[in-house]
1. Could you please let me know if residue 288 is part of a loop (DSSP other than H, G, I, E, B), free of Cβ contacts under 8 Å to residues at least 40 places away in the same chain and loosely packed, with under 13 Cβ neighbours inside 10 Å?
2. Confirm whether residue 47 is in the same structural domain as residue 152 (by TED's automatic domain parsing), in contact with a helix residue (DSSP H, G or I) (Cβ under 7 Å, 6 or more places away or on another chain) and part of a loop (DSSP other than H, G, I, E, B).
3. Would you tally the residues in the stretch 219-236 being out of contact with any helix residue (DSSP H, G or I) (no Cβ under 6 Å at 6 or more places or on another chain) and over 9 Å from residue 16 (Cβ atoms)?
4. If a residue must be within 18 Å of residue 15 (Cβ to Cβ) and not in a helix (DSSP H, G or I), how many such residues does the stretch 152-183 contain?
5. Here are some residues: 354, 336. Which one is surrounded by 18 or more Cβ atoms within 10 Å (Cβ to Cβ), modelled with pLDDT under 95 and within 13 Å of residue 369 (Cα to Cα)?
6. Among the numbered criteria (1) at pLDDT below 95; (2) crowded, with 17+ Cβ neighbours inside 10 Å; (3) within 29 Å of the chain's Cα centre (by Cα), which one does residue 317 miss?
7. Go through the stretch 17-44 and count every residue that is more than 22 Å from the chain's Cα centre (by Cα) and in a helix (DSSP H, G or I).
8. With the requirement that a residue be in contact with a strand residue (DSSP E or B) (Cβ under 7 Å, 6 or more places away or on another chain), surrounded by fewer than 19 Cβ atoms within 10 Å (Cβ to Cβ), without any contact (Cβ under 8 Å) to a residue 60 or more places away in the chain and not in a helix (DSSP H, G or I), what does the stretch 218-270 give you?
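The values are calculated or read from the model by the stated rules, or taken from the named source; none is laboratory data. Note that the coordinates shown come from a computational prediction; the quantities given were computed from them, not determined experimentally. Methodologically, a virtual Cβ is constructed for each residue, glycine included, from the backbone with ideal geometry; neighbour enumeration extends over all protein chains shown.
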């Protein structure tokens, strides 16, 4: 899921596993550990676009990584806190810098969700509010951490390993519930796990989590309600996740009823929620030469998917059977791909899992997740420069308008 949610999840798991002994350090280290798997995006600077696409949610999102890297971090914290280095001023300033960085990442995540949901006006209001919150928390960090003598911190390896293992492993487990796909069994398998029941960004899951976590963070380490409030946040988010799974089952039944009524013979189908909500669902049905793609909102008057036919056009890539870029994109999309020739003559591969949104734009621009391809000097296909699949930023606001309108039902 989005970085904001993963930071909050890591902090909450850190508190739940070791908060009674480590206090806010458990939250901070949990937040750091919870975002570590997504640092695989650093590889983008050293890889081609297609390699970076395949690398994300790979080895860093696996059980193997959680087991090994948690041990490395636990060893580091054992040495750090046993040596008393953490009490030195230079270390306080360094760790405060990291803490402020985490707060800025949280604020950016919150701002991103607000911007997508509320548009430019909401973004304008959010920026000064979030800035004031960061300034206040930075002041508290200076007053109660940098300028205050620190108590001894437990340096038991098993304590820290428990914190880091659970904070790291819950990251890819949560990602498995989204549609993107997570290689949780890497390096032993490239299979991408995706349960398709929640969007990569869903305020209904994240906001209660944040509220409870912040409420717990302001209570003393030994306060009896601190852990209870933190667990309440975990419980609320878990209940929401269960609700999304029941929605997935309901939507699957509606899809099968739709296919039966329309007499469509199909190979397979999938359903997944649209961004920022669990009300509007996308459905993709694979047949021999076409896909049927449509949407269903729980606010629709008629309980059926409104399906439209999309040609696969796989013949357009017959000349590129062994092309690495094509093979990676097909693997990435779990073979839910359609092909078209753009108006400028370039090929475009559309990830049909995410479907289309809106009817007022050109067909080639209506796909939510697509890849524009062009030949390199050797005649092999590559992603067009700066083209990573998602809509351009200036297109996203229009897509959000379409999304809000469609969520309301027809």
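1. It is true that residue 288 is part of a loop (DSSP other than H, G, I, E, B), free of Cβ contacts under 8 Å to residues at least 40 places away in the same chain and loosely packed, with under 13 Cβ neighbours inside 10 Å.
2. On the way: in the same structural domain as residue 152 (by TED's automatic domain parsing): yes; in contact with a helix residue (DSSP H, G or I) (Cβ under 7 Å, 6 or more places away or on another chain): yes; part of a loop (DSSP other than H, G, I, E, B): yes.
It is true that residue 47 is in the same structural domain as residue 152 (by TED's automatic domain parsing), in contact with a helix residue (DSSP H, G or I) (Cβ under 7 Å, 6 or more places away or on another chain) and part of a loop (DSSP other than H, G, I, E, B).
3. 8
4. The total comes to 3.
5. Numbers: 336 fails: modelled with pLDDT under 95.
On inspection, the qualifying residue turns out to be 354.
6. (3)
7. First pass over the stretch 17-44, keeping only residues more than 22 Å from the chain's Cα centre (by Cα): 17-26.
If we keep only those that are in a helix (DSSP H, G or I) too, we end up with 17-22, 24-26.
Looking only at that region, the number is 9.
8. 264, 266, 267, 268
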